[in-house]
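> Below you'll find the structure I mean.
The values are calculated or read from the model by the stated rules, or taken from the named source; none is laboratory data. Bear in mind the structure is a predicted one, so any value in this text is a computation, not a measurement. Using ideal geometry, Cβ is built from the backbone for each residue, glycine included, and neighbour counts are taken over all protein chains shown.
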Ligand code: GDP
Ligand code: MG
């Protein structure tokens with residue numbers, strides 16, 4: 001709850017003049033933390049994320065009831081490199097719902113069945129291939145994605161948003177799979193893309209490194225199965241687990257106000273099983289789940305770990321990145337929502353108190 005203006009003021013007083021976005025070294029961070037009596041935890045960011053994930057999503061009680069859960073995937077990459085085309089290609093050929101009459105409405109995420117060793121393995125794609133969405137969720141402490149697929153066009157190579165995607169994935173400690181796209185095009189040079197990637201530390205598996213890279217044409221539907229299989233192998237190594245046999249917890253990935261349904265939200269369940277009739281609190285919003293819809297718009301009674309589900313019954317529109325949890329009663333939910341609203345109000349007030357001082361954005 002300390003404004004950036006105040007911290008900048010302190011840095012200035014020490015003769016440090018940050019220019020826009022700048023990284024502070026460890027000693028400077030320790031100095032600032034000491035000034036504001038904040039405990040310094042000197043740790044690997046990946047480990048911290050993992051700890052946070054284990055702490056918040058899985059409880060001690062879950063540990064002996066863990067079962068496999070499907071991986072949750074996000075596609076990122078530079079504009080025009082083929083994210084939407086890839087999503088469409090996957091959706092067209094693989095969406096589980098196609099048997100039930102196709103997609104009737106987008107809910108921001110969908111389940112895909114990938115045949116592995118003769119068995120159909122589910123995975124879930126987040127339908128918001130936006131860096132902003134990913135960044136915003138991460139800023140709110142949400143870690144929903146298990147694997148990031150980064151699309152790089154074989155005729156264009158690494159571009160600014162490719163780098164951004166790599167930074168996001170690394171900061172979140174999420175494994176990366178590279179899809180080298182547009183290999184059907186004249187001028188496509190997948191080798192050059194692999195060279196560029198290895199020069200920034202992403203060494204292809206084929207060259208003895210640890211980053212899987214699959215050459216595809218999203219437009220022609222070429223090697224999409226290879227890509228999905230590769231992703232599933234990476235997922236297997238992660239041993240993704242949850243306890244389906246408990247009250248649900250998870251994250252809001254999309255929300256809005258529907259003309260007749262009222263507030264609607266798409267949740268990704270991360271632990272437990274969400275059931276119709278459950279009482280949920282997420283941020284300042286709460287309510288009894290009147291109806292759940294799956295990714296093809298069908299009513300369902302419940303949704304287990306990693307499964308996206310659209311819900312109605314909240315009294316308010318939550319924010320993408322908000323955590324949700326099932327609680328015992330509407331009273332408990334109301335109390336928690338009020339407490340959250342108060343917290344946010346205080347944060348806003350202390351942010352205002354920083355007005356008039358130097359801020360990072362005014363310096364940038
Ligand atoms: P996005 O901005 O990353 O979502 O990129 P799009 O999926 O919208 O693709 C941008 C352009 O590249 C569109 O004109 C696509 O048809 C084209 N495109 C995407 N994938 C391929 C591919 O595999 N081969 C070729 N030749 N064109 C592609
Ligand atoms: Mg697009």
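> Evaluate the following for residue 269: is it within 17 Å of the chain's Cα centre (by Cα) and not in a strand (DSSP E or B)? Show your work before the answer.
Values: within 17 Å of the chain's Cα centre (by Cα): yes; not in a strand (DSSP E or B): no.
No.
> Another one. Kindly list the number of the only condition in (1) modelled with pLDDT under 80; (2) closer than 26 Å to residue 227 by Cβ that fails for residue 56.
Residue 56 satisfies every listed condition except (2).
> Taking helices (runs of 4 or more DSSP H) that fall entirely within the stretch 125-226, which contain at least 2 residues that are within 28 Å of residue 69 (Cα to Cα) and either modelled with pLDDT of 95 or more or near ligand 1 (Cβ under 10 Å from one of its atoms) (or both)? Outline the logic, then answer.
Working: elements: 131-139, 160-172, 190-199.
Answer list for the stretch 125-226: none.
> Within the set of pairs 6 or more residues apart or between chains, which connect a residue that is farther than 16 Å from residue 164 by Cβ inside the stretch 74-88 to a residue that is part of a loop (DSSP other than H, G, I, E, B) and more than 6 Å from ligand 1 (Cβ to nearest atom) with Cβ atoms less than 8 Å apart?
84/129; 86/216; 87/127; 87/129
> For the stretch 278-294, what are the residues that are in contact with a strand residue (DSSP E or B) (Cβ under 7 Å, 6 or more places away or on another chain) and part of a loop (DSSP other than H, G, I, E, B)?
278, 289, 290, 294
> Something else now. Can you name the residue in the stretch 296-318 that is over 21 Å from residue 337 (Cα atoms) and not in a strand (DSSP E or B) and, of all such residues, is modelled with the lowest pLDDT? Show your work before the answer.
Taking the stretch 296-318 first, the residues over 21 Å from residue 337 (Cα atoms) are 296-309.
From the residues that got through so far, the ones that are not in a strand (DSSP E or B) too are 296-298, 301, 304-307.
Numbers: 296: 84, 297: 88, 298: 92, 301: 98, 304: 97, 305: 97, 306: 96, 307: 96.
Here the answer is 296.
> Under the condition of being near ligand 1 (Cβ under 6 Å from one of its atoms) and buried (at least 20 other Cβ atoms within 10 Å of the Cβ), which residue from the stretch 78-93 is nearest to the chain's Cα centre (by Cα)? Can you show your working first?
Of all residues in the stretch 78-93, those near ligand 1 (Cβ under 6 Å from one of its atoms) come to 79-85.
Imposing the further condition that a residue be buried (at least 20 other Cβ atoms within 10 Å of the Cβ) reduces the set to 81-83.
On the way: 81: 20, 82: 20, 83: 16 Å.
By that ranking, first place goes to 83.
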